[in-house]
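Below you'll find the structure, written out as structure tokens, and then a few comments.
The values are calculated or read from the model by the stated rules, or taken from the named source; none is laboratory data. Since the structure is predicted, the reported quantities are computational estimates derived from the model, not experimental observations. FYI the Cβ positions are ideal-geometry reconstructions off the backbone, even for glycines, and counts take in every protein chain you see.
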Amino acid sequence: MSDYTPPIDDIRFVMNHVADLGGILATERFSHVDADSIDAVITEVARFMADEVAPTNVDGDRIGSQWHASDGGPATVVTPDSFKSAYEKWVASGFGAMPFDPEYGGADFPWISAIAVQEMYTTSNMALSLCPLLTQGAIDAIHAHGSTEQKNTYLPKMMTGEWTGTMNLTEPQAGSDVGAVSTKAQPIADSDGAWSITGQKIYITYGEHDLAEQIIHLVLARTPGSAPGTKGISMFVVPKYLLNEDGSLGERNGAECVSIEHKLGIHGSPTCVMQFEGATGWLVGNEHDGMRNMFTMMNNARLSVGLQGLSLSDRAFQQSLQYAQDREQGTAPGAPKGAASPIIEHPDVRRMLMTQRAWIDAMRALVYTNAAALDRADAATDADEQRTWRELADLLIPLSKGLCTDVCNEMTSLALQIHGGMGYVEETGVAQHYRDARIAAIYEGTNGIQAADLVGRKLAMRSGGVITDLLDEFDLRVKELADIDGLATFPDRLSEAVWTAREATAHLVSIAGSDPRSLLASSTPYLRLLGTTVCAGFLAKSAIAASNGADYPADFLSAKVTGAKFFGEQILPTTAGLLAAVTSRADDLFALTSDQLL
């Protein structure tokens, strides 16, 4: 079982030299924040996560959260003792409030700094990190759409983590099809605008737990006479405990966790079935604006799930690297005859480790650049500038979420493979990362939905112009790469991948209006093709910065250049093989009847 070593230098390097933290802090919007303050936060968070949170990860998997029925009262959910201690210290640290509005207790730091904190939290213990992640989404929705009273009532304690939040969307018959929601909301006569909420929600992360005294549920429901589909959905805030006039906790509301799911992974995170029986709630925003309100938090939430792909890949890599250094097996090429070599000396093991390392650098470059684009859009004072950054952020969201979580399934699988038979044995702990990772490609919109969003909405932005603008930037970067010694064929491979991405993009733009089935059939290979190319383009920026002698140790900079070269030579060429899948029609997918598939 490996410890977790936060990759502080990697985080600092990508923030400063790929995502351009300096450019963000130079804007008037974030002029109150300085680089030294962010650096200090990263240093202290790294210590906190390694010492306080990472050791709880095994408890989350082996003990898990436990549901308990209660005689005459609502059921309870008990988390591992180590979770409670770590979460209490997290609340005391104040780091959770860092990116939020200072009017309600936040520090108003740029989102990219919150992403750095989230990366280390998620890598330390993904199951525990999901509690503040869901709270983040609820904060975003209330802050954007809630009344002044709701903001003043809920946000200060949610920002500190004293109170947590949930998003209650999914129902047994309404998964990705949110428009099928059937939970009902009835106005309560002679009340202060309160509503009675009745229905069942499933897959509610931290819908019930013992980490905080209060849980603020955001619930999608239908009001009387509302239109069918998504247009008839409204959002309500439903606290676990009603509040007294002085703000203290009052009587228990009619919201109960009736069971928790038994899952493949993230056992420490309770995934709850919530029953609302005449629970009292209040509208957030206007009636029938529930879907619009929900999408307020969608970009940040999807980016955070993409970050989970990076984080779990890194935790699995650290463990597999340690094992490969310690485990002796066979005689490696060049070793004395009959000597037992550490398996890291065997070429195939080294290939797997290099693949993990290169993809981790690539994912970090993608996710942090995505966060930086959100910050730059937020900070822009000119409408055209704001549109440019918002378009880039919107384009990168399905790549961050879809690509990083797909790749994470592969990287955690490689970690098992490096362990050999011991990887299949639970005692080593590496299987936990593989199991925990699997959910990330499913929730917050399956990766098929991310691919559909990419070709259906993001491709349509300026008829593919947002994508081709980014590819133009990479073409310019190829010329800079050609002047760097030691990159071998990386510039040529990047140029070829950019050409392939252009061909794929032009094809999809040409069929978007005439062949929607083929467009969607091409969406998943296109996401992989474009996402891999974009990662290579960002790694090119990393390699250029490293070769220009950034203020880091020489070995660190050399490793950045070598990692980019490896990605360019051994991973990036896969994009060429995806072009045929992107340009194929959907006919083959439907050539067999459903009976023939049996």
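Before moving on, here are some points about what is shown:
- When residues of region 27-55 are limited to those that are of a type in the set (Gly, Ala, Ser) and surrounded by fewer than 19 Cβ atoms within 10 Å (Cβ to Cβ), the one nearest to Leu128 (Cα to Cα): Ala50
- Restricting attention to region 551-598 and to residues that are closer than 21 Å to Val498 by Cβ and loosely packed, with under 14 Cβ neighbours inside 10 Å, the residue that is farthest from the chain's Cα centre (by Cα) turns out to be Ala580.
- For beta carbons closer than 7 Å, sequence separation of 6+ or different chains, a first residue in region 328-347 that is of a type in the set (Val, Ile, Thr) and a second that is surrounded by fewer than 17 Cβ atoms within 10 Å (Cβ to Cβ) and outside any loop (DSSP other than H, G, I, E, B), the qualifying pairs are Ile344/Gln325; Ile344/Arg350.
- Qualifying residue in region 334-346 (condition: part of a helix (DSSP H, G or I), hydrophobic (A, V, I, L, M, F, W, C) and in contact with a helix residue (DSSP H, G or I) (Cβ under 9 Å, 6 or more places away or on another chain)): yes
- Sole residue being touching a helix residue (DSSP H, G or I) at 6+ places or on another chain (Cβ under 8 Å) and β-branched (Val, Ile, Thr), chosen from Ile449, Ile418, Ile442: Ile418
- Taken as a whole, region 386-403 holds at least one residue that is out of contact with any helix residue (DSSP H, G or I) (no Cβ under 8 Å at 6 or more places or on another chain), outside the structural domain of Ile571 (by TED's automatic domain parsing) and at pLDDT 95 or above.
- Residue identified as in contact with a Pro (Cβ under 7 Å, 6 or more places away or on another chain), more than 21 Å from Ser584 (Cβ to Cβ) and assigned by TED's automatic domain parsing to the domain that holds Phe538 among Val498, Val466, Val478: Val478
- Whether a residue is touching an Asp or Glu at 6+ places or on another chain (Cβ under 7 Å) and surrounded by fewer than 18 Cβ atoms within 10 Å (Cβ to Cβ) was assessed, and Ser226 does not pass this test.
- Any hit, region 457-469, residues being surrounded by fewer than 18 Cβ atoms within 10 Å (Cβ to Cβ) and either under 19 Å from Ala301 (Cβ atoms) or among the aromatic types (Phe, Trp, Tyr) (or both): yes
- Residue in region 407-424 that is assigned to a helix (DSSP H, G or I), in contact with a Phe, Trp or Tyr (Cβ under 9 Å, 6 or more places away or on another chain), under 30 Å from Asp177 (Cβ atoms) and among the hydroxyl-bearing types (Ser, Thr, Tyr) present: yes
Listed here are the residues, each with its yes/no results for (1) surrounded by fewer than 24 Cβ atoms within 10 Å (Cβ to Cβ); (2) among the hydroxyl-bearing types (Ser, Thr, Tyr).
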residue	(1), (2)
Thr280	yes, yes
Asn293	yes, no
Asn300	yes, no
Gln308	no, no
Phe317	no, no
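- Out of Leu395, Leu403, sole residue that is buried (at least 24 other Cβ atoms within 10 Å of the Cβ), under 17 Å from the mean Cα position of the chain (by Cα), on the phi < 0 side of the Ramachandran plot and assigned to a helix (DSSP H, G or I): Leu403
- In region 168-203, residue surrounded by the fewest Cβ atoms within 10 Å (Cβ to Cβ) [restricted to those that are over 31 Å from the mean Cα position of the chain (by Cα) and of a type in the set (A, V, I, L, M)]: Ala189
- Condition met for Lys231 (of a type in the set (D, E, K, R) and modelled with pLDDT of 95 or more): no
- Flag if Ser400 is among the polar types (S, T, N, Q) and in contact (Cβ under 8 Å) with a residue 40 or more places away in the chain: yes
Results for (1) surrounded by 13 or more Cβ atoms within 10 Å (Cβ to Cβ); (2) more than 16 Å from Gln417 (Cβ to Cβ); (3) modelled with pLDDT of 95 or more, shown as yes or no for each residue.
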| position | (1), (2), (3) |
| --- | --- |
| Tyr323 | yes, no, yes |
| Lys337 | no, yes, no |
| Ser341 | yes, yes, yes |
| Glu345 | yes, yes, yes |
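- If you go through region 158-171 and pick out every residue that is in a loop (DSSP other than H, G, I, E, B) and not polar (S, T, N, Q), you end up with 3.
- In the set Ala521, Ala540, Ala580, Ala591, only one residue is touching a Phe, Trp or Tyr at 6+ places or on another chain (Cβ under 8 Å) and of a type in the set (A, V, I, L, M); that residue is Ala540.
Yes/no matrix, rows are residues, columns are (1) buried (at least 19 other Cβ atoms within 10 Å of the Cβ); (2) modelled with pLDDT of 95 or more; (3) under 20 Å from Gln322 (Cβ atoms):
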{"residue": "Ile8", "(1), (2), (3)": "no, yes, yes"}
{"residue": "Arg12", "(1), (2), (3)": "yes, yes, no"}
{"residue": "Leu25", "(1), (2), (3)": "yes, yes, no"}
{"residue": "Asn57", "(1), (2), (3)": "yes, yes, yes"}
{"residue": "Asp61", "(1), (2), (3)": "yes, yes, yes"}
